Structures are given as C-alpha cells and as structure tokens.
1. Give me the accessible area of Thr573, 1.4 Å probe, in Å² rounded to the nearest 10.
2. State the dimensionless ratio Rg/Rh of segment 407-543 (Rg: radius of gyration of Cα atoms; Rh: Kirkwood radius).
3. Using a probe radius of 1.4 Å on heavy atoms only, what accessible surface per residue do you get for segment 519-561? Whole Å² is fine.
4. Would you mind working out the accessible area per residue for segment 201-279, using a 1.4 Å probe, and quoting it in Å²?
5. Could you sort the peptides 205-211, 465-471, 525-531 by per-residue average Cβ neighbour count (10 Å cutoff), highest mean leading?
6. What FRET efficiency do you get for Leu164 and Glu231 if R0 is 45 Å and r is their Cβ-Cβ distance, rounded to the nearest 0.05?
7. Please work out the Kirkwood hydrodynamic radius for segment 377-475, using every pair of different C-alpha atoms, and report it in angstroms with one decimal place.
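The values are calculated or read from the model by the stated rules, or taken from the named source; none is laboratory data. These numbers come from a predicted model, not from an experiment. FYI the Cβ positions are ideal-geometry reconstructions off the backbone, even for glycines, and counts take in every protein chain you see. To get the accessible areas, we keep the full protein, side chains included, count just its heavy atoms, and leave off ligands, DNA and RNA. Shrake-Rupley method; radii C 1.70, N 1.55, O 1.52, S 1.80 Å.
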Amino acid sequence: MVDTGPAPADAPRAAEPTLREALAHLRRYVAPERRRLLTAGLLLLLSGAVGLVQPLVVQHLLGGTDPLRGAARPLLALMALVVVGAAASAYGGYQLSSAAEGAVLTARRQLTAHVLRLPMTAFRRATPGDLMARVTGDTTLLRQVVQQTLVQAVTGLVMTLGALAMMAVLDPVLLGASVLAIALLLGALGLVMPRIRRASIGAQDSVGEMGAVLDRSLTAFTTVKACGTEESEARRVADAAERAYRHGVVRARWDSTANAAALLAVHLVFLVVLGVGALRVSYGAIPVATLVAFLLYVFFLTEPVMSLVGVVAFAQTGRAALQRIGEITRLPPEPPRSPAASAAATGPVGAGPAVVFDRVSFRYPGGPDPVLRDFSLAVPAVGLTALVGPSGAGKSTVLNLVERFWDPDAGAILLDGVEVRDWDLHRLRSVIGYVEQDAPVMAGSLRENLAYATDRATDAELHEVLELTRLDGLLTRLGGDLDAPVQYRGVSLSGGERQRIAIARALLRRPRLLLLDEATSQLDAVNEAALRSVVQDLAARMPVLAVAHRLSTVRDAARIAVVQSGTVRAVGTHEELLRSDPLYAQLAAQQLLTKASPSGPINSPVVTGS
C-alpha cells in the first residue's frame, strides 16, 4: 500500500476577499478581452443614447400647433433611431457575449494550469470533485459576471444618469419625486444584497461538495458495486444536491425580492409622476407633451434600473465565485519550468552513490507521527537496491521524497551529489523514471499511454519497450495497432498489463534513475520472472530503487534495505539478511523463500505490504 499519510482535509478555505481582491482576479481574466469589451460598451452606450433622444422627438412631435401636419419627418427620424438603436444593441450584445466566453476560457486555462502545478501539500487540501466544480462551475459564472456586471454596470449607470439629466431638463419638480422613489429602492437593496452573497457562497460550496461525493463514488465504482452500496452512495450525493438546492432557493428568494423592489420602485415613480404631472398640467405649469416625454423617460428608466439591480445582485454571486477561485489561485504552485535549468547539477554517473539519504525525517502534514525517522541509505550508481519491510514502514514515502512530491522535514537527499532541492524541479523529474503502485492508464490510445511523458518516441522505440515489458502479446490482441484505443482507466486490461504499460512508459524516457513502487504486485509468476529479468538488465547499467512486496522479485538485488518504523534496520544481500536480520528472515519464511520459519524476537507485526 502506498504511504499517503492522513486523509485529505476539507477544500481550501480562505478569508473572504475584499472587493478590491475580487476585482483584481476578475481583471486578470478579462484583460485579454479589453478591445471587445470596449467595443461592446460603446455600442450599448450608443443604443442607450439613441433611446434617450426618442422621447425628445415625441415631445417635438406632440408639442407642435398641428401634430398631424409635418409629422412625416419626425416619424422617419424616430424610425431611424429605433433601427440604429436595435442594430447597436444587437452587435454590442454579441461582442459582450464573445468577450464573456473569452474570459471564461482564460480563467479555465489559468486555473487548470495552476491546479496541475500544485504541490502535494496543497493538492491534499482539496478533493478532485471540488476542484472540478471550481474549474468548471465557478468559472462558468464569470460569463454572467462579464455580461451582467462589467459593461452593463457602466452602461446602466450612464443611461440612468442620462435619463435623470433629461428629466431634470423637462421638469425638476417631477424629477424630485422620481429620485425619492429611487432612494427607497437603494435602501431596500442595501438590506438584501448581503443575504444574496451568503446564499451564493453556500450554493456554490454545496455544488463543490456534491462533485467531491460523486467523484468518490465513481472512482470506487467497482467497490460500490461489489459492496452493494449504490443506495447509500446515491443518498450521499442526493443529500449534497439537496443542500445545494436549499441554498439555491434562498438565493432565488432574495433575487426575486430585489427584482420586485426594483420593479415596484419603477411603478411607484410612474404613478407619482402621473399624479404630480397631471396636477402640474391642470395648473398650466407644464404642457401635456412634456408630461408624455417625462413618462417615456420613466419607462426608459425601467431597463437600466432593472439592469443595475441585476448587476448588484449578481455581483454577489460573482464575488462568491471569485472567492472560491481565489482560494485555489492563492495556493502556491511548484516552481515553473526553467529554460535555464542547470545541467551542471548532475554529477558523472558511476562517480559515487546515485542517491544518498542522510538522516531524513518526514511527517505528513497533519499526521500524528513521523513516517521516516533518521532514514539513511546510499543507492549505488549501478545496480538494484530494494526496500522491503512491514506495511506502513515508509518505503513508498522514500520514493515520493526523491521525486520531491514532498520535501523532508530534516536531513538531506542527494541525487548525483546534489541536494534534490537544488535541482530544477522539472529537470529532476525528467531524469527519473517512476512507476507508481496503482499504475494508472489514461484514456486514449496505447501509443498515447506509452509516449505520455515524451513526444519524440518512434515506432521502433515503442515496439522495443513493448517487447522488453512482454506487452507484445497485448499489441497482437489489439491488431498490431499502436493507435488502438485503451478504455477509460484501462478496464479492458489486466492488472499486470496496466502495470507493465506504466513500466514501459517509464523506460521510454531513458531515465537516469528508475523508481519502482511494487511494480510486480499484479504480475503472474511467468510475467514476474520476465520483468525481473528486464529490471536486472536495466540495473546492470543504471541505478534502480524498488519497493518490493514479493521478496522473490528482489532476492538477487545487490542491496536490500529492511525498513521498519521509518528507519533502515539492516542492509545486505538476500543471503546475508537471512542470517543476520530476524525480521527479514521471517518475511522470507512467510513467502516460502526459506525451508523453515526462523525463531527470534520480532519487534513489529509482520505485514508484507508497502
């Protein structure tokens, strides 16, 4: 079993960002769309300006001594304004939607790249389902943020101010009555908006939780079927979906309240203007044409006011989405690939030990006890070095530290005489071939799986590693086609075939150091013997560090290190350890590698996993 330490914590949770921080995140995603956003804003402003002129045309038409005479020119002008406004609105809306899609694309690219560069310490703080919800669901909300917040906030505000200015020109008294109703609307919105933001955060968190629960069920689909727990897992997902539903209903209630308040305010303005305006007309303070034009501006105000209310309401949802995205982007990633990676940070092969562990100690974040304690070992520049011992002894963790999936808390690890933390991270991993225990197979073709880590593999090289790992039979079964598809997670392959594909993938990189974590755990005896021969051939010209469950796979190793409780208790050959180390002797006896079980004290339970 791979040493993974304690279970992952809940999804990342940081303090709620300020409005400035949220806008900074948003600015990063919309920056590439500045030109489209500017074009959309100008066109929508043009459409609004055209709308502002129309009531004046109507006032001119109705204010004449004989409205029916000479009406053709104003009507034609009014029709032209309507057409221009509609065209500007349509093309501006298209540009705005395109810019919104571009912002979503930028956000998804940047967030995906950031997530894939997270170190293990940060990745363990989240769950895959929640990360997927943030990359897909939360970024989708950015589309509406751009469409309903950025440009519409500016255009809605300008149009509202423009309409109010024109209303002031027509009649300041009626404007005063209108502003009073709008002030009441703003007061109501101030009470509603915080509730919308809290409900939005809860709804999006619940969607992330639902994704995490569903990911758990689908990842362990075979186990779910075998244990007959379909109903209980379905209930887990349904409970998370119900929580998302409840938060969504709360958000919808407050959204509706905000929209109703805005609509009520507009209607209130209309009624107030109609009543006060009728009195002013009856007293001769204003003509009927002015009242009609003013009422048209009240109708005109409906759209920008409702737009601004939508902007304010949806800004709370957008802020919640940006908060969840920001929680991921604030996690520090691994250093980027350096074009000037120091090739000098590699000593000559064979000049000394390939890997040296010098009093290494390590504890997983949040773990109760150290996994490794003063772990010291030298791996020769040529030959097979095996790590064996009880389950939980820290053997797989040793390989993880070489790859710098984690960094030790104390001590040093040297590769070719250079501390691994002084290597360029990407160069370090490029010279290591790592075969993990679970041996994942990617969805795609056989060629894509084999050449996953290199884009320069020729067909001849692919056939070579297939033959080395005894996968030529698989290729024959696939009709000799390297581009034949391999099903998701390799379900059409045996466990041994999946493991050998992972080994072939590592060998294709021509590594300087090969790390094998239980690489033969799913192979039958025939294929194990064949792969053991391959490993021995490789070990004759390069260092190989292997975690072994079956001692039969490493009994011919040049060095075998017995690991117990995070430290090396003995090092030697198979025969030497049989004579000198009781724990190794007992492991060998249990696996029928000796004729009789040894006697002597054993200081820990003997479990032969990793």
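1. Ignoring ligands and nucleic acids, Thr573 comes out at about 50 Å².
2. Working: Rg = 15.7 Å, Rh = 15.8 Å.
Taking Rg over the Kirkwood Rh, I get 0.99.
3. Values: 1690 Å² over 43 residues.
For segment 519-561, the per-residue accessible area is 39 Å².
4. Details: 4540 Å² over 79 residues.
Value returned for segment 201-279: 57 Å² of accessible area per residue.
5. On the way: 205-211: 22.3, 465-471: 20.7, 525-531: 15.4.
Sorting 205-211, 465-471, 525-531 by mean packing, highest first, produces 205-211, 465-471, 525-531.
6. Details: r = 60 Å, r/R0 = 1.33.
After rounding, the FRET efficiency stands at 0.15.
7. Working: mean 1/r = 0.0614 Å⁻¹.
For segment 377-475, the Kirkwood estimate is 16.3 Å.
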